[in-house]
Amino acid sequence: MPTDSPAVPRARVHRDVVSYVRRSARMNDSQRRAWETHAGRYLVEVPTRETSTSIAEDAHVDWDAAFGRHAPRVVEIGPGRGEALASLAAAHPEVDIVAFEVFEPAVASLMGRLARDGLTNVRVVVGNGAEGLERLFAPASVAELWTFFPDPWHKARHHKRRLVGPAFAGLAASRLADGGRWRLATDWDDYALAMRDVLDAAPGLQNEHAGWAPRWDARPVTKYEQRGLDAGRRVHDLTYRRLPRAAATGADA
Ligand SMILES: C[S@@+](CC[C@H](N)C(=O)[O-])C[C@H]1O[C@@H](n2cnc3c(N)ncnc32)[C@H](O)[C@@H]1O
C-alpha cells in the first residue's frame with residue numbers, strides 16, 4: 001500500500017493546504033481482499049510527490065490506453081465508497097470516468113463495488129483530484145466534472161481547505177471542453193451559497209439554471225447524503241456549463 005515515503009522526514013515535507021484530512025488508511029479484511037483482487041483492473045498508478053496523495057507535476061496518463069477506447073471523459077473528485085459513481089457509470093456506459101479519491105479504504109470498497117457491478121468504464125487514482133485534474137488532463141478535454149458532497153470544512157479558518165474555491169473553479173473551467181458540465185451537490189447551505197458565488201464569478205462558466213439545479217435524477221442518494229437529510233439539512237445541486245472558447249484565439253480558459 002502506498003504510504004507517505006519513509007525516505008522523506010516528515011518535518012521536511014512541505015504540506016500544501018488540501019481539501020482532505022490525511023488519516024490512517026487501515027483496511028479491513030474485505031477491503032484488503034478487494035484491493036488485491038481488483039486493483040489491477042481499476043487502479044491507475046501515477047507518480048507522486050513527497051506524500052502519497054500528492055500527484056507529481058510531470059505525471060502523465062494515456063487515458064485512451066487505460067480504458068482501451070476513446071470516449072467522452074468524466075472526472076469525479078471524492079467519490080468516497082463510490083455509491084453514486086457505480087450507479088452513474090452503469091447508467092452511462094458511453095462515457096469513461098476517472099475517479100480521484102485520497103482515502104485508500106474507500107478506494108478498496110469502491111473497486112469491490114465496481115467489480116460486483118461488472119463495470120468497465122471507471123478507473124481510479126489514489127491522489128489529490130485537484131492536482132490530478134490539473135496534471136493528468138489537457139485543457140478542454142473533460143466532458144463532465146463531478147464534485148458531490150465535498151468535505152464542508154465548517155470553521156471559517158478552514159474555508160481555505162474547501163475544494164470549491166476560485167482557483168479550483170478556474171482550473172475546472174480550463175479543463176472542461178466547450179459545452180462541458182460541472183455538476184456539484186452539497187448538504188451545507190453556506191457551502192452551497194459560497195459555491196454559487198465562486199462559480200458565478202468564474203470566467204468561462206455559466207449557471208445552467210440561473211440558481212439551484214434540479215436534482216440530477218441519475219444521482220442516487222448516498223449514505224453520506226442520507227445522513228444530511230436525516231439531520232434536516234437541505235441538499236443543493238448546481239450545474240454549470242463551460243462556455244465555448246473564442247475559436248479565433250484558441251484560448252484554453
Ligand atoms: C464527504 S465525502 C463524500 C463522498 C461521496 N461523494 C458521497 O457523496 O457519498 C468527501 C470525499 O472526498 C474525498 N476527498 C476530499 N478531497 C479530495 C481531493 N482533493 N481529492 C480526492 N478525494 C478527495 C474524501 O476522502 C472523501 O472520501
*What value, in deg cm²/dmol to 500, does the helix sum -39500 (n - 2.57) over DSSP H runs of n ≥ 4 give at 222 nm once divided by the residues of the chain?*
-9500 deg cm²/dmol
*By average Cβ neighbour count within 10 Å, what is the ranking of 109-122, 216-229 from highest down?*
109-122, 216-229
*Could you let me know the centre-to-centre spacing of region 141-200 and region 96-125, using Cα atoms, in angstrom?*
22
_Å² of accessible area per residue within the chain, as computed with a 1.4 Å probe and no ligands counted_ = 49
*State to the nearest 20 debye the size of the charge dipole of region 28-242 about its Cα centre, where the only charges are +1 on K and R beta carbons and -1 on D and E beta carbons.*
380
*asked:* Sorting check: for 18-25, 172-179, which peptide has the highest mean count of neighbouring beta carbons within 10 Å, and how do the rest follow?
replied: 172-179, 18-25
*When ranked by the protection proxy of mean other Cβ atoms within 10 Å per residue, highest first, what sequence do the peptides 45-53, 182-190 form?*
182-190, 45-53
*Which one of ASN128, PRO93, LEU199 has its Cα pushed farthest toward the positive end of the charge dipole of the chain, where Lys and Arg give +1 and Asp and Glu give -1 at the Cβ?*
ASN128
*Measure off, as a whole percent, the carbon and sulfur share of the 1.4 Å-probe accessible area of the chain, all protein chains present.*
52
*Taking a ≥ b ≥ c as the square roots of the eigenvalues of the Cα gyration tensor of region 28-242, is the shape rounded (a/c under 1.5), prolate (a/b larger than b/c) or oblate?*
rounded
_Need one word for region 122-203: rounded, prolate or oblate. Basis is the Cα gyration tensor (sqrt eigenvalues a ≥ b ≥ c); a/c below 1.5 gives rounded, then a/b vs b/c decides._
prolate
_Taking just the alpha carbons, could you work out the radius of gyration and Dmax for region 159-242, both in angstroms?_
13.0, 38
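The values are calculated or read from the model by the stated rules, or taken from the named source; none is laboratory data. It should be emphasised that the depicted structure is a prediction, and the values quoted were computed from it without experimental measurement. With ideal geometry, Cβ positions are generated from the backbone for all residues, glycine too; neighbour counts draw on all protein chains shown. Heads up: the accessible areas ignore ligands, DNA and RNA and are worked out on the full protein's heavy atoms, side chains in. Shrake-Rupley method; radii C 1.70, N 1.55, O 1.52, S 1.80 Å.
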